[in-house]
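Bear in mind that the values in this text are calculations on the coordinates, not laboratory data. What you see is a predicted model; the values in this text were computed from it and never measured. Ideal geometry is used to build each Cβ from the backbone, glycine not excepted, and the neighbour counts take in all protein chains shown.
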Amino acid sequence: MHTYATPIHVVRAEQPDLPVWCFRPDRVTTAARWFRDTFPGEPFYAVKANPGVHVLDALWAAGVRSFDVASEAEIELIHNRFPGARMAFLHPVKNRRSITRAYKEFGVRIFVTDTMAELNKILEATDFARDLTIIVRIAVSCDGATLPLAGKFGASADDAADILREARRHADELGVSFHVGSQAMKPTAWATAMADVSRIIITAGVTVDIVDVGGGFPAIYADDAPPSLEAYADMVEASFEEMFVLENAELWCEPGRALVAESESLLCRVELSKDGALYINDGSYGALYDAVHERWKFPMRAISGNGRKLRGMQEYTIYGPTCDSTDKFPEKILLPAGLVEGDYIEFGNLGAYGRAMASRFNGYGEYELVEVQDAPWPSLYGAVGAEVVSIGSIATL
Ligand SMILES: *Cc1c(COP(=O)(O)O)cnc(C)c1O
């Protein structure tokens, strides 16, 4: 991978035709160290947030050894790259063959369920293995989550008690988990969820070895900043103390977004400027799904393609590259005035659910990847951000 000082240097050197992922490995290192040093439990990285091998390698180098995987492809990816890694197969609905392969070929021992039927499937597909860790996922309220996730998965309180009792009979280790939803803006969501789950454990009357508090820890974008990550760690730690679990119970979490969001930005080329509209080379079918469909406000800046100074600001309509008329930003965007073909727009903090979401629709979806060393974007991990760039200017939506 080629290394440049900043994306401005990428533009000067390459005038890139493809959208360029600008990877900042130190952002992964800092986030992984924060979870290791400050979060009270073991992080299982949710691979779906960004399965790029350079990102995975940076996480591994920073000491991440546990991975939340949801499919055979993710299991093979992690197994082949890091043979010693610990994997938890945390999709509540698994294909039977996938369970067997995970157990027999890839050494997976940790499986999640939220129904009795899935519990039976796990037991049958592993020939009633005696060394399973079964995690029962419980539905909790998603108060404060930007992307709530309770609609689809998680056992109700009544069902959970039955599943916990049955799982306890077969599991070597028994855990509970929940997911408060992604980009959760309120640390109190964990306090509520952990108190609810604790009551269910008491109702079930089982001993519990593991409490897995899921993912959902936030990243910072261009709109309201979330509370500090320390506030989340403190809330989880205090709530764990109150739970009805074994004295030596383990605490786990499944961060995706919070570990990788700051690690990549995307540099897009303006292909046409017309009547206040910019047509750029990535969009809603590429890495900008959340920007278009969820109306998320990513921090942005413009970089001029020819080194001229950008002055003043103007509002633009922004279109992605595909023929679909929904491939268009939902609101006008304020950027430096007079952008033309060959200028660039960089979207910051797009390391989570960016590349992971990109499709090949209409023949787009190919990217270049470089490493850069600047730190222009807002961060939840301390002293970086808001460096002034010489050409181009930072513009937040
Ligand atoms: C997506 C997902 C995660 C990661 O969520 P983030 O919001 O990225 O932290 C963790 N666990 C499960 C089960 C998930 O589906």
Can you give me the long-range amide H partners of Met87? Hydrogens built in the peptide plane at 1.01 Å from N, cutoff under 5 Å, separation of 5 or more residues or another chain.
Phe67, Arg109
Charges on Cβ only, +1 for Lys and Arg, -1 for Asp and Glu, centred on the Cα centroid of segment 317-358; of Leu339, Phe329, Tyr319, which one is farthest towards the dipole's positive end?
Phe329
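Dipole size in debye (nearest 20) for segment 40-254 around its Cα centre, Lys and Arg Cβ +1, Asp and Glu Cβ -1? Don't skip to the answer; put the middle values down first.
Numbers: 19 positive and 32 negative charges, 161 e Å.
Roughly 780 debye, rounded to the nearest 20.
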With Cα springs under 10 Å, the Gaussian network model of the chain assigns the largest mean-square fluctuation among Asp275, Asp158, Asp17 to Asp275
Rounded if a/c is under 1.5, else prolate if a/b is larger than b/c, else oblate: which is segment 334-374, with a ≥ b ≥ c the root eigenvalues of its Cα gyration tensor?
oblate
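Where in the chain is the longest stretch that carries no trypsin sites (Lys or Arg not before Pro) classed as loop by DSSP and with at most 12 other Cβ atoms within 10 Å?
153-294
Only Lys, Arg, Asp and Glu count, each charged at its Cβ (+1, +1, -1, -1), so figure out the dipole size of segment 45-115 about its Cα centre, rounded to 20 debye.
Values: 10 positive and 7 negative charges, 49 e Å.
With Lys and Arg at +1 and Asp and Glu at -1, about 240 debye.
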Between Arg308 and Leu246, with labels modelled 7 Å along Cα→Cβ, what's the label distance in nm to one decimal, could you check?
6.9
Rounded, prolate or oblate: which fits segment 67-146, taking a ≥ b ≥ c as square roots of the Cα gyration tensor eigenvalues, rounded meaning a/c under 1.5, else prolate when a/b beats b/c?
oblate
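Just the number, please: percent antiparallel of the DSSP beta bridges in the chain, rounded to the nearest 5. Mind showing how you got there, number by number?
Details: 26 of 63 bridges.
Around 40 percent of the beta bridges assigned by DSSP in the chain are antiparallel ones.
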Taking amide H positions as placed in the peptide plane 1.01 Å from N, state which residues far from Leu310 in sequence (5 or more) or on other chains have amide H under 5 Å from it.
Gly392
Quick check: from the Cα gyration tensor, does segment 40-254 come out rounded (a/c under 1.5), prolate or oblate?
oblate
The relative contact order of the chain, taking Cα pairs under 8 Å that sit 6 or more residues apart, comes to a percentage of 21
Two-decimal Rg/Rh of the chain from alpha-carbon positions, Kirkwood Rh?
1.01
Roughly how far apart, in whole Å, are the Cα centres of segment 303-324 and segment 231-246?
47
q = 0.13, 0.17, 0.23 Å⁻¹, segment 104-186: log10 I(q)/I(0) [Debye, one scatterer per Cα]:
-0.44, -0.68, -1.00
Simple spin-label estimate for Arg86/Ser228, 7 Å along Cα→Cβ, in nm, reads 2.9
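Can you tell me the dipole magnitude for the chain around its Cα centre, using point charges on the Cβ only (Lys, Arg +1; Asp, Glu -1), in Debye to the nearest 20?
On the way: 37 positive and 55 negative charges, 121 e Å.
Using Cβ point charges on Lys, Arg, Asp and Glu, the chain gives about 580 debye.
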Which distance in Å, rounded to a whole number, links the C-alpha centroids of segment 168-229 and segment 20-77?
19
D (µm²/s, integer) via Stokes-Einstein for segment 20-117, Kirkwood Rh across alpha-carbon pairs, 25 °C, 0.890 mPa s: value 173
In degrees, nearest 10, range 0 to 90: what is the angle between the Cα axis of helix 188-204 and the longest Cα principal axis of the chain?
20
Which ordering of Ser239, Ser66 is given by a fewest-first count of other beta-carbon atoms within 10 Å?
Ser66, Ser239
Choice from Val213, Val28, Val93 with maximal GNM fluctuation in the chain (Cα, 10 Å cutoff)
Val93
Over the Cα atoms of segment 247-357, what radius of gyration and what Dmax do you get, in Å?
16.6, 66
What angle do you read, to the nearest 10 degrees and between 0 and 90, between the alpha-carbon axis of helix 229-241 and the longest principal axis of the chain?
10
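May I ask what percent, to the nearest 5, of DSSP beta bridges between residues of segment 40-254 are antiparallel? Let's see the in-between values first.
Working: 2 of 29 bridges.
Percentage antiparallel, nearest 5: 5.
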Taking the Cα atoms only, what angle lies between the long axis of helix 25-38 and the longest principal axis of the chain, rounded to 10 degrees?
30
Proxy exposure order for Trp60, Trp190 (fewest C-beta within 10 Å first) is Trp60, Trp190
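Using only DSSP helix segments of four residues or longer, with each worth -39500 (n - 2.57), what per-residue ellipticity at 222 nm results for the chain after dividing by its residue count and rounding to 500?
Working: 11 runs with 113 residues, N = 397.
After summing the helix terms and dividing by the residues of the chain, the value is -8500 deg cm²/dmol.
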What FRET efficiency would be calculated for the residue pair Arg199, Asp57, taking the C-beta separation as r and a Förster radius of 25 Å, to the nearest 0.05?
0.05
Can you give the % of DSSP beta bridges in segment 196-335 that are antiparallel, to the nearest 5?
55
With Cβ to Cβ distances under 11 Å as the rule, what net charge do the other residues near Leu18 carry (K, R +1; D, E -1)?
-4
